[in-house]
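Reading through the structure tokens given below for one structure.
The values are calculated or read from the model by the stated rules, or taken from the named source; none is laboratory data. Computed from a prediction, not measured in an experiment: that's the story for all the values here. Note that each Cβ is placed from the backbone with ideal geometry, even for glycine, and that neighbours are counted across all protein chains shown.
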């Protein structure tokens, strides 16, 4: 055998080998035992292996682990959380049909709905997330899919998901839930009547701010196969390396979620006491919109906190945020390190008025010691307090959004 050939023949490991970690199976080409198996490889796409893009033992293991957590029979992993949203919508909606999104949906959904779905002849409709069973008034034969996002992005309203799914089931309409906030550990949408549970594994599931991935979990084999077919049409797949990182992150997800939740709950009273904060959103707060549904449908909360600030904080807001030495400024969340995101005003809404006009700050509480986070937040709040104009500090009606 020539040396060039020897370079391609890797010896097999001697003896039995077992490990607690899932092996990383990198592959583009999948090798078949026969011509017949190769020519029928498409049939192996759902449960076996046909091409590296469509699954390896590593990605299949991750899908099985996610399905088990979701209480699902099947799960599919895709390149990002938004890829999961786009895949689900494009799989089950056709030209001339309508798809409903809550007004508080992840903000990338809106341009996707208006600029992309619209070009395909699919009409997006944004609805009041507090409708509950009253969503039935928006349903007719043209509606093929209804999305819920509970709690909603940034504004963290909790929806009455069972009431929405019941109204949709009565008309044979599919429902999909963006469950990124809660993860399957805090809420299981399929048990609430949802047909497709979507999660951005980039956040709490992987948990270390170094992976971008999404998942879709279902309890219907036909729905799964349609998703798998369309993921192939769109060229979607994830690498074994990324899948192994998510599998590793899942091992500590329960511990991380508990720590982030406990720290967030400890910090809420301090934030509530600040005159720079007009309103705090966190599902565990009794005054949070939909708190009663959170108590009923969730097993806990997480480390996400949204602050609606007083309008007069704007001049010193950047300085205050930059003084927070324990918080990185960034768009994502759900990792081990605390992150802060800042918006000059609440995200666009078209079905309901924005709750406030002032700046919005979203905190993702990480795993730092809560007292270190408290000291960091105190630096921020003390700077904001210095911006208080005379006579305005206690005027809680100034700047409130009008319906």
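Quick rundown of the values:
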{"quantity": "Residue that is over 21 Å from the mean Cα position of the chain (by Cα), outside the structural domain of residue 330 (by TED's automatic domain parsing) and either surrounded by fewer than 22 Cβ atoms within 10 Å (Cβ to Cβ) or at pLDDT 95 or above (or both), where the choices are 229, 195", "calculated": "229"}
{"quantity": "Failed condition for residue 214, given (1) under 30 Å from residue 371 (Cβ atoms); (2) crowded, with 21+ Cβ neighbours inside 10 Å; (3) touching a strand residue (DSSP E or B) at 6+ places or on another chain (Cβ under 6 Å)", "calculated": "(1)"}
{"quantity": "Considering residues of the stretch 46-73 that are over 24 Å from the mean Cα position of the chain (by Cα) and under 20 Å from residue 196 (Cα atoms) only, the residue surrounded by the most Cβ atoms within 10 Å (Cβ to Cβ)", "calculated": "46"}
{"quantity": "Subset tally (residues that are under 21 Å from the mean Cα position of the chain (by Cα) and loosely packed, with under 14 Cβ neighbours inside 10 Å) for the stretch 305-327", "calculated": "0"}
{"quantity": "Residue under evaluation residue 190, criteria (1) under 18 Å from residue 82 (Cβ atoms); (2) modelled with pLDDT of 95 or more; (3) surrounded by fewer than 24 Cβ atoms within 10 Å (Cβ to Cβ), criterion not met", "calculated": "(1)"}
{"quantity": "Hey, residue 168 in a strand (DSSP E or B) and in contact (Cβ under 8 Å) with a residue 24 or more places away in the chain or not", "calculated": "no"}
{"quantity": "The listed residue being touching a strand residue (DSSP E or B) at 6+ places or on another chain (Cβ under 8 Å), surrounded by fewer than 19 Cβ atoms within 10 Å (Cβ to Cβ) and at negative phi, out of 103, 114", "calculated": "114"}
{"quantity": "Hits in the stretch 350-376 (condition: farther than 19 Å from residue 302 by Cβ, in contact with a helix residue (DSSP H, G or I) (Cβ under 7 Å, 6 or more places away or on another chain) and modelled with pLDDT of 95 or more)", "calculated": "359"}
{"quantity": "Failed item, numbered, when residue 61 is tested on (1) in a helix (DSSP H, G or I); (2) within 20 Å of residue 179 (Cβ to Cβ); (3) touching a residue at least 12 places away in the same chain (Cβ under 8 Å)", "calculated": "(2)"}
{"quantity": "The stretch 329-346, residues that are within 20 Å of residue 200 (Cα to Cα) and part of a loop (DSSP other than H, G, I, E, B)", "calculated": "330, 331, 332, 333, 334, 335, 336, 337, 338"}
{"quantity": "The stretch 367-378 - residue that is surrounded by 13 or more Cβ atoms within 10 Å (Cβ to Cβ) and over 16 Å from residue 269 (Cα atoms) and, of those, farthest from the chain's Cα centre (by Cα)", "calculated": "368"}
{"quantity": "So residue 221, is it surrounded by 23 or more Cβ atoms within 10 Å (Cβ to Cβ) and more than 23 Å from residue 337 (Cα to Cα)", "calculated": "no"}
{"quantity": "Unmet requirement for residue 274, which otherwise passes all of (1) crowded, with 16+ Cβ neighbours inside 10 Å; (2) in a helix (DSSP H, G or I); (3) outside the structural domain of residue 155 (by TED's automatic domain parsing)", "calculated": "(2)"}
{"quantity": "Qualifying residue in the stretch 10-23 (condition: surrounded by 14 or more Cβ atoms within 10 Å (Cβ to Cβ), closer than 28 Å to residue 183 by Cα and not assigned by TED's automatic domain parsing to the domain that holds residue 136)", "calculated": "yes"}
{"quantity": "So residue 113, is it touching a helix residue (DSSP H, G or I) at 6+ places or on another chain (Cβ under 6 Å), part of a helix (DSSP H, G or I) and at pLDDT 95 or above", "calculated": "no"}
{"quantity": "Matching residues, the stretch 119-149, being touching a strand residue (DSSP E or B) at 6+ places or on another chain (Cβ under 7 Å) and either without any contact (Cβ under 8 Å) to a residue 12 or more places away in the chain or assigned to a loop (DSSP other than H, G, I, E, B) (or both)", "calculated": "122, 129, 142"}
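Residue by residue, here is whether (1) outside any strand (DSSP E or B); (2) under 16 Å from the mean Cα position of the chain (by Cα) holds:
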residue	(1), (2)
172	yes, no
176	no, yes
191	yes, no
204	yes, yes
208	yes, yes
212	yes, yes
217	no, yes
